[in-house]
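**Student:** The structure follows.
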Amino acid sequence: MAAKSTLNARNLEALGAPRLAELLLILTQGNAAAKRVLRLALAEQGGPNEIAKEVRKRLATVARSGSFLDWRQRDALLKDLDQQRQAIVGPIAEHDPALAVDLLWTLLELVEPVLERCDDSDGAVMPLFHQSTADLGAVAARGKANPEPLADQVYGALIDNGYGQFDHLIDHLQEALGPVGLGHLRQRLEVLRSRPGLNEHRRSTVRLAMARPIWPNTATTNPLP
């Protein structure tokens, strides 16, 4: 039998809630990351809207921040953002998929401000955002998002894919878009590629998007040159 001083869940439960609360406040003094975890836990008691308020506030703070991050600070920020992501795809998505979709788009908007603040030569940043697009697809499909407005959001993301954060977006959103959304998205891409003077970056974006074997059979499109 483990001694009563051994750190395990059973022994900690024996301390009782009041004593544990006091210890948590002591342990989180000066630890902003730990305090954010506790705030998220407290917000869960108020339901998805309260959790969303905490998440949105944190994402807004990250978007406004401009200080350079060394690798330790960068990794701490990525861990923090992943906790926000988990809150979105967990309790928020469970009760309000539309709200979760909105928050995931907000999270995905952070790729530029985050990459501008740190060195990502080891490629540590992008997996978080690729996971977020996968989550976006799953939550949007589960919540039966309106396909045409969703297609408009995907289109806007694709033509602003400066860091490759949306490279897998169409694949991840395929189920949520369905034939209607995919048809609408394809139509918008067709219009874009027909514009005179389209720069090579956007032409390449359209070419790669249209090369995917996912488009509705009813669409008729000649391959890009």
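Quick note: the coordinates plus some simple rules give every number you see, no bench work behind them. It should be emphasised that the depicted structure is a prediction, and the values quoted were computed from it without experimental measurement. Note that we place each Cβ from the backbone using ideal geometry, even for glycine, and neighbour counts take in every protein chain shown.
**Student:** Just grab the label-to-label distance for residue 41 and residue 134, each label 7 Å out from Cα along the Cβ direction, in nm (one decimal).
**Tutor:** Between residue 41 and residue 134, the simple spin-label model gives 2.8 nm.
**Student:** Same structure again: So which of 4/35; 53/79; 35/79; 79/144 end up more than 22 Å apart by C-alpha?
**Tutor:** The answer is 4/35; 79/144.
**Student:** Which angle from 0 to 90°, rounded to the nearest 10, does the C-alpha axis of helix 169-193 make with the longest principal axis of the chain?
**Tutor:** Once rounded, the angle reads 40 degrees.
**Student:** Now, a different point. As a check on your grasp of the helix formula, calculate [θ] at 222 nm for the chain: sum -39500 (n - 2.57) over DSSP H runs of n ≥ 4, divide by the residue count, round to the nearest 500. Each step should come with its number before you reach the end.
**Tutor:** Working: 11 runs with 145 residues, N = 225.
It lands at -20500 deg cm²/dmol.
**Student:** So what are the stretch 33-144's ellipsoid semi-axes, whole angstrom, largest first, if each one is the square root of 5 times an eigenvalue of the alpha-carbon gyration tensor?
**Tutor:** Ellipsoid half-lengths, sorted descending, are 24, 17, 11 Å.
**Student:** In degrees between 0 and 90, to the nearest 10, how far off the longest principal axis of the chain does helix 17-27 point, with axes built from Cα atoms?
**Tutor:** With rounding to tens, the tilt is 70 degrees.
**Student:** Could you point to the residue in 194, 132, 83 farthest towards the positive end of the chain's charge dipole, with +1 and -1 charges on the Cβ of Lys/Arg and Asp/Glu respectively?
**Tutor:** The listed residue farthest towards the positive side: 83.
**Student:** Also, quick follow-up: Show me the GluC sites (Glu not before Pro) within the stretch 28-83 that DSSP assigns to loop and that have at most 14 other Cβ atoms within 10 Å of their Cβ.
**Tutor:** On the way: sites: 44, 50, 54; in loops: none.
In loop regions of the stretch 28-83 (DSSP not H, G, I, E or B), there are no sparsely surrounded GluC sites (Glu not before Pro).
**Student:** What's the magnitude of the charge dipole for the stretch 73-225 around its Cα centre, counting Lys and Arg as +1 and Asp and Glu as -1 at the beta-carbon? Answer in Debye, nearest 20.
**Tutor:** Values: 14 positive and 21 negative charges, 149 e Å.
Roughly 720 debye for the stretch 73-225.
**Student:** For 170, 26, what ranking results if the residue with the fewest other Cβ atoms within 10 Å of its Cβ goes first? Intermediate values should be presented prior to the final figure.
**Tutor:** Numbers: 170 24, 26 8.
Lowest count first: 26, 170.
**Student:** Magnitude of the Cβ-charge dipole of the stretch 33-144, K/R +1 and D/E -1, about the Cα centre, nearest 20 debye?
**Tutor:** Numbers: 15 positive and 17 negative charges, 78 e Å.
Here the stretch 33-144 has a charge dipole of around 380 debye.
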